[in-house]
Amino acid sequence: MGRPSPTDPPEIPIAEDRGRPYVMPPSRRPDPITRHVVLFVLTFLTATLVGAQFYASFATGAGTSSTLPSLSAQLLHGMWYSAGVLLILGTHEFGHYFACRYYGIDASLPYFIPIWLGPFFTPGTLGAVIRIRQPIPTKRQFFDVGIAGPIAGFVVLVPVLFLGMSLSNVVTLPADFVGYDFGEPLLFKLIAWLFFGKLAVGQTVNLHPAGWAAWFGLLATALNLCPISQLDGGHISYAVFGRISSTITLIVVACLIGLTIYSMAFLHSGAYLVWTLLVLVMLRIMGRHHPRTPDENEPLDTPRLLLAGFAIVMMILCFTPVPTSIVGR
C-alpha cells in the first residue's frame with residue numbers, strides 16, 4: 001500500500017460512535033524531528049537519575065551498607081538502567097513504527113515521555129508512543145501493528161534481563177529491614193533461579209541497574225498486552241474476537257479495579273492505581289470499542305492465531321499481581 005497524500009480522504013468508511021470517529025484523520029504535516037530528539041534526551045536524563053538511585057542501592061547491598069559511591073559513579077552506572085530501559089521501550093515502539101511503514105500507514109516516530117519526582121519512586125519514564133495518523137483498514141494490519149511492538153521489545157528484553165542478572169548478587173537483609181518489596185514476574189523468577197538457585201530465608205537478589213531496566217520492561221510489556229480498547233492487547237483482541245473485544249475490555253478493566261482495591265487495602269500498595277486511572281481516562285476519551293474494519297467478521301489465519309497465543313504467554317511471563325509494596329512496618 002502506498003503512502004496517501006496528507007490531504008486525501010481516508011479510503012475506507014470510518015465507523016462512528018455517537019457521532020465521533022473512532023480514528024484520527026491523517027496528519028497534514030509530519031512532526032518536527034527536533035521534538036522527538038528533545039523528548040528522547042530528556043527521558044534519557046530522567047531515567048539516568050533514577051538509574052543512579054538504583055546503583056546507589058545496589059552498591060550498598062540494598063541498604064545493608066552505609067558506604068555510598070560518589071555522585072559521578074552513581075550517574076555513570078545509572079546509565080546501565082537508562083540505556084537498557086530506553087532500548088527496550090524504543091525497540092517496542094519502533095516495532096509498531098516499522099509495521100506501519102510496511103503497510104504504508106502514516107505514523108510518527110516514537111515520542112518518549114520523561115518523568116522524575118526526586119526522592120519519590122518513579123521509573124524515570126512513562127514509556128513511549130507513536131501517533132498513527134490515519135485509519136488502519138484491515139484486522140490483519142491492526143493485528144500486525146499491535147503485536148509487532150511487544151514481540152520486538154520482548155526479543156530485546158530477555159538478553160537485557162540475563163545481562164542484569166549476571167551483574168547482580170545475593171544479599172541477606174537485616175531482620176528489621178524496612179523498604180520496598182518488588183513483585184517478581186514469572187520470567188524474572190525463572191532467570192533469577194538459573195543464576196542463584198533457591199534463596200534462603202531473608203535473602204534477596206541485589207539487582208543491578210540493568211536488571212531494573214529489564215524489570216520495568218517486563219511490567220510495561222504486561223500492561224501493554226492487556227486486552228483493553230486501543231492498547232496493543234486491545235488491537236490483538238479485536239483482530240481475534242471482533243466486537244466481543246468490547247466486552248473483554250470491560251472484564252479486564254473490572255479486574256484491574258479489583259486488583260487495585262485489593263492491593264491498596266490488604267498489601268499497602270498503590271502500584272496499579274496510576275495505571276488503572278490512566279486506563280479509565282483512556283476509555284473516557286476513546287471509548288471501550290475498538291475502531292472497526294470492513295473485514296470485522298473474517299477470521300485470522302493460523303499463523304496469526306498462533307502469534308496471538310504467544311502474546312498471551314508473553315503477558316503471563318511478564319505479569320506480576322503486585323509490582324511494589326512496603327515491607328517491614
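The numbers here are math on the coordinates, done by the rules we state, and not lab data. Being a predicted model, the structure only gives us computed values, none of them experimental. In this analysis, Cβ positions are derived from the backbone assuming ideal geometry, glycine residues included, and neighbour counts consider all displayed protein chains.
Considering Cα pairs under 8 angstrom that are at least six residues apart, work out the relative contact order of the chain and quote it in whole percent. Working shown, then result.
Values: 554 pairs, mean separation 67.8, N = 329.
Relative contact order here is 21 percent.
Choose one of GLN203, PHE121, TRP80: the residue whose Cα lies farthest towards the positive end of the charge dipole of the chain (beta-carbon charges +1 Lys, Arg; -1 Asp, Glu; about the Cα centre).
Final value for the positive-end residue is PHE121.
Pull up all non-local amide H partners of ASP181: gap of 5 or more, or a different chain, and H-to-H distance under 5 Å with H placed in the peptide plane.
Under 5 Å from the amide H of ASP181 lie the amide H atoms of SER325, ILE326, VAL327, each far enough along the sequence or on another chain.
Suppose R0 equals 22 Å. What FRET efficiency, 1/(1 + (r/R0)^6) with r the Cβ-Cβ distance, do ALA175 and PHE196 give to the nearest 0.05? Working shown, then result.
On the way: r = 21 Å, r/R0 = 0.96.
E between ALA175 and PHE196, to the nearest 0.05, is 0.55.
What is the calculated FRET efficiency for MET264 to VAL37, with r their C-beta to C-beta distance and R₀ = 45 Å, to the nearest 0.05? All intermediate terms of the calculation are to be shown ahead of the outcome.
On the way: r = 39 Å, r/R0 = 0.86.
Approximately 0.70, to the nearest 0.05.
Read phi for every residue in segment 70-77 and hand back ³J(HN,Hα) as whole Hz from Karplus 6.51 cos²θ - 1.76 cosθ + 1.60, θ = phi - 60°, with x for Gly and Pro.
Karplus-based 3J(HN,Hα) across segment 70-77 equals 5, 4, 5, 5, 4, 5, 4, 6 Hz.
What order do you get for SER57, SER166, SER82, SER229 when you list them from fewest to most C-beta neighbours inside 10 Å? Display every interim value, and only then the final one.
Values: SER57 19, SER166 12, SER82 24, SER229 27.
Ranked by crowding around the Cβ, least crowded first: SER166, SER57, SER82, SER229.
Once you have a ≥ b ≥ c as the square roots of the Cα gyration tensor eigenvalues for the chain, tell me rounded if a/c is under 1.5, and otherwise prolate or oblate according to whether a/b is larger than b/c.
Working: a/c = 2.12, a/b = 1.71, b/c = 1.24.
In terms of gyration-tensor shape, prolate.
Calculated FRET efficiency, THR60 and ARG131, Cβ-Cβ r, R0 41 Å, to nearest 0.05?
Using R0 = 41 Å, I get an efficiency of 0.45.
At 7 Å along the Cα-to-beta-carbon direction for both LEU76 and ILE312, put a label point, then send me their distance in nm to one decimal.
With each label placed 7 Å out from Cα toward Cβ, I get 4.9 nm.
Just grab the label-to-label distance for LYS189 and PHE162, each label 7 Å out from Cα along the Cβ direction, in nm (one decimal).
Between LYS189 and PHE162, the simple spin-label model gives 2.2 nm.
At what distance in nm do the modelled label points of LEU45 and LEU300 sit from each other, each positioned 7 Å from its Cα along Cα→Cβ?
If labels sit at LEU45 and LEU300, their model points lie 4.1 nm apart.
Let me spell out the model: positive unit charges on the Cβ of Lys and Arg, negative unit charges on the Cβ of Asp and Glu, origin at the Cα centre of the chain. What dipole size does that give, in debye rounded to 20? Don't skip to the end; give the middle numbers.
Numbers: 19 positive and 16 negative charges, 68 e Å.
The calculated dipole for the chain is roughly 320 debye.
Net charge near ASN224, counting Lys/Arg +1 and Asp/Glu -1 over other residues with Cβ under 11 Å of its Cβ? Let's see the in-between values first.
Working: positive: none; negative: GLU93, ASP232.
After counting each charged neighbour, the total is -2.
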